[in-house]
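The numbers here are math on the coordinates, done by the rules we state, and not lab data. Owing to the predicted nature of the structure, the values given are computational and were not obtained by experimental measurement. Quick reminder, even Gly has a Cβ in these numbers, built from the backbone with ideal geometry, and neighbours come from all protein chains shown.
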Amino acid sequence: MSKQKIGAFVVWDYVVFAAMLLISALIGVYYAFAGGGQQTRKDFLMGGRSMSAVPVALSLTASFMSAVTVLGTPAEVYRFGIMFGLFFIAYTLMVVLTAEIFLPVFYRLGITSTYEYLELRFNRHVRRLGTVLFIIQTVLYTGIVIYAPALALNQVTGFELWGAVVTTGLVCTFYCTLGGLKAVIWTDVFQIGIMVAGFLSVIVRTAVIQGGMGNVLKHARMGGRLRLWDFNLNPMQRHTFWTLTIGGTFTWAGIYGVNQSQVQRYLSCKTKSEAKLSLYINLLALYVILSSAVFSGLALYSVYRECDPWTSKKVAAPDQLMPYLVLDILRDFPGMPGLFVACAYSGTLSTVSSSINALAAVTVEDIIEPHLRSPSEYTLSWFSKGTSVFYGIFCIGMAGLASLMGGLLQAALSIFGIIGGPLLGLFSLGILFPFANPIGAFGGLLGGFLMSLWVGIGSQLYPPPPWRTLPLPLSTAGCNQSQAVQRDWHDMIYSTSALQVPGVTRTPIMDNWYSLSYLYLSTLGTLSTVAFGVIISLLTGGRNQNLDPKFLLNKDDLTQFTFLTAKRKSQVEVSKQKSQISEVKEMDASVSEA
């Protein structure tokens, strides 16, 4: 399909974009030599466990909010309305669960790879299966987030698509390999500033053009985009209050709670209190990014409410709507289109670099080190850097698969649901169920993965019908075109899918079981894993095992209980002091009388 170009980059756009890349690379160079460089694997993979809460919090946010967020979320709001903003509830629940359940156990054990826990709690076979699933999940997701900004570049500048893909991967690999986790975290801090600035440039400029944010909101209300609440309990409907909050919580908890890319960051903090604080500060940053993305989607609708670029074939895919808007409304401001593309690119660099670092960590800790005889820290450090290079190149190749997966946002979340859900269930089984044994863990993970994979593949082969997705109407009345081909959101998401089977008569299982909301894939995988694991463990003598309590969640791990315990201890100490003072006074009085 031919796309209508409405402008191109000018010199200042290239300057802004190149400056972002250069600063990111220089941060990697700096941490390659600062403090003597990355001498050990702990320095390279964990930042020497010396990081403080604020940079880790911003890094968590930056790596979580990738180019998929920058490009996919505004397009989602543009087409479906602001209901997507209900994810703020899921974010809140996810952070609380992570900080109070998973973090205390992982931090107490002092592990580098989260999958070390699986061997300590269960056995090596469970650890290996978990590691393999994590690697598959991460390289697939990383392929998507590399492809997304390359698509933006191709749309707004005419750059060669795969040239941009290769550039993304190489820049990430460069600074990640040189500077390790410290470079990853501090480039994330820089890049999240770029992301916010990119969103704000779109929101502010749209408000100026449309005569204020009041008019932007008015247009959104008239177009039905401000409908927030839908309490339909049907799990087959794509987005409702329940899918976004419950399904979203399970999906994001699979990322923050047990995914190596995120866990590795807060475990790099110097104390457990700093690690918990980083998660709660990160929550505030998540609110800011989510709000920015939602308002950008409303801005997108306000500008194109009467002439939808996708329906009128001015862009080839919905993920190109935001870069198209940027070049449309900011082309008279040299450097501003470059800022937005740098925004999308920053999201990618932060996510890909964290993925590369995490993949290197699990490969060295879970696969390479167990097969080496007494390796030195120097040797393991070089293995870590070598695997970083390998995964950087490999993830570039995976971007090719991403080009066949249709809508970026849903594809990314589906991957996390299919694999992340069962992994979340496996760790939950180990931390929350004392009687869970290795047989139950292995069987539960396998059963949960097969369940979510069954539904996930079925939904790709037989996409849900339009009445499950409930797209909002688009208009081409203001386009002055003699012909405008109307398409719906169902077609927009799946028309590029290589897995779709044409000419197949739909059956009840397709319209129901395979139409399960993609946000419930993680919920299905988690609950199936726990259910299978509990049943198998009970049937295979799980109650008879002797388990070290340090592998389980203890009541003192919870912030609330910790606070109450500290308060009680303080009260006891005060009571003792008062008692001692009273005794001393009584003795003094006795002496005086004598």
**Q.** Tensor-based shape of region 149-293 (alpha-carbon gyration tensor, a/c under 1.5 rounded, otherwise prolate or oblate)
**A.** oblate
Q. Given a cut-off of 15 Å, what percent of all Cα-Cα pairs of region 42-143 lie beyond it?
A. 77
Q.
Could you give me D for region 259-399, from Stokes-Einstein at 20 °C and 1.002 mPa s, where the hydrodynamic radius is the Kirkwood radius over C-alpha pairs? Units µm² s⁻¹, please.
A. 114
Q) Over all pairs of distinct alpha carbons, what does the Kirkwood formula give as the hydrodynamic radius of region 331-397, in Å? A) 14.0
**Q.** Rel. contact order, % - alpha carbon contacts under 8 angstrom, at least six apart, region 265-354
**A.** 12
Q | Among 386-396, 254-264, 343-353, the order from most to least packed when residues are scored by Cβ within 10 Å on average | A | 343-353, 254-264, 386-396
Q) Around Val56, with a cut-off of 14 angstrom between Cβ atoms, what is the net charge of the other residues, counting Lys and Arg +1 and Asp and Glu -1? A) +4
Q. Which order do Lys314, Lys218 fall in if you start with the one that has the fewest other Cβ atoms within 10 Å?
A. Lys218, Lys314
Q) Going by a ≥ b ≥ c, the root eigenvalues of the Cα gyration tensor, does region 166-215 fall in the rounded group (a/c under 1.5), the prolate group (a/b larger than b/c) or the oblate group? A) prolate
Q. With a Cα-only, solvent-free Debye model of region 263-320, what are the log10 I(q)/I(0) values at q = 0.18, 0.19 Å⁻¹?
A. -0.70, -0.74
**Q.** Contour minus Cα-Cα distance for Thr271 and Leu558 (0.36 nm per residue)
**A.** 101.8 nm
Q: Would you mind computing, in nm to one decimal, how far apart the modelled labels at Arg124 and Arg373 are, each placed 7 Å from Cα along Cα→Cβ?
A: 1.6
Q.
Can you give me the C-alpha center-to-center distance between region 246-283 and region 341-402, rounded to a whole angstrom?
A. 20
Q.
If you average the alpha carbon positions of region 54-87 and of region 518-549, how far apart do those two centres end up, in angstrom?
A. 31
